[in-house]
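The values are calculated or read from the model by the stated rules, or taken from the named source; none is laboratory data. Fair warning: this is a prediction, and the values are worked out from it, not measured in the lab. Virtual Cβ from ideal backbone geometry, glycine too; neighbours counted across all protein chains shown. Surface areas here come from the heavy atoms of the whole protein model, side chains and all, with no ligands, DNA or RNA. Shrake-Rupley method; radii C 1.70, N 1.55, O 1.52, S 1.80 Å.
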Amino acid sequence: MAGVIDVGLEQAEGLLRRMRGVLGRSDLHEVAADGQEELRARGELLLGRLAPASESHMEAVARRAAASRQPSPDA
């Protein structure tokens, strides 16, 4: 059990060292903005792959309006 705790503490210390290095950067704002932009782009790609493509609202409205203007085949 002590070995598992020791490994966990070593991992936590390593993480703290890396976080201290990141927080000490002078371009932290740019790095965060780049990370946010990349995360957004990856999310859009994932949604594009998994979610079915949906028709935009304005296209649906235009299609319905055009269909309502056409004379019905019964008339």
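Which one, I5, S54, G43, projects farthest toward the positive side of the charge dipole computed for the chain from Cβ point charges (K/R +1, D/E -1)? Comparing the listed Cα positions along the dipole, S54 ranks first.
A simple rule links phi to the HN-Hα coupling: the Karplus curve 6.51 cos²θ - 1.76 cosθ + 1.60 with θ = phi - 60°, which for segment 39-49 gives 5, 5, 5, 5, x, 5, 5, 5, 5, x, 7 Hz, with x for Gly and Pro.
On the accessible surface of the chain, probed at 1.4 Å, how many percent belong to carbon and sulfur atoms? Its accessible area is 61 percent carbon and sulfur atoms. The residues of the chain present an accessible area of 95 Å² per residue when probed at 1.4 Å with all protein chains retained.
Net charge dipole, segment 4-75: roughly 240 debye, given to the nearest 20, about the Cα centre with Cβ charges of +1 for Lys and Arg and -1 for Asp and Glu. Helix 57-69 and the longest principal axis of the Cα set of the chain meet at an angle near 10°. Taking 7 Å steps out from each Cα toward its Cβ at L39 and A12 produces label points 2.4 nm apart.
Loop-located GluC sites (Glu not before Pro) in segment 31-66 (DSSP state other than H, G, I, E, B) with a sparse environment of at most 16 neighbouring Cβ atoms within 10 Å: E55.
Using only the Cα atoms of the chain, each taken as one equal point scatterer with no solvent, compute I(q) by the Debye sum, divide by I(0), and report log10 of the ratio at q = 0.22 Å⁻¹. Here log10 of I(q) over I(0) equals -0.99.
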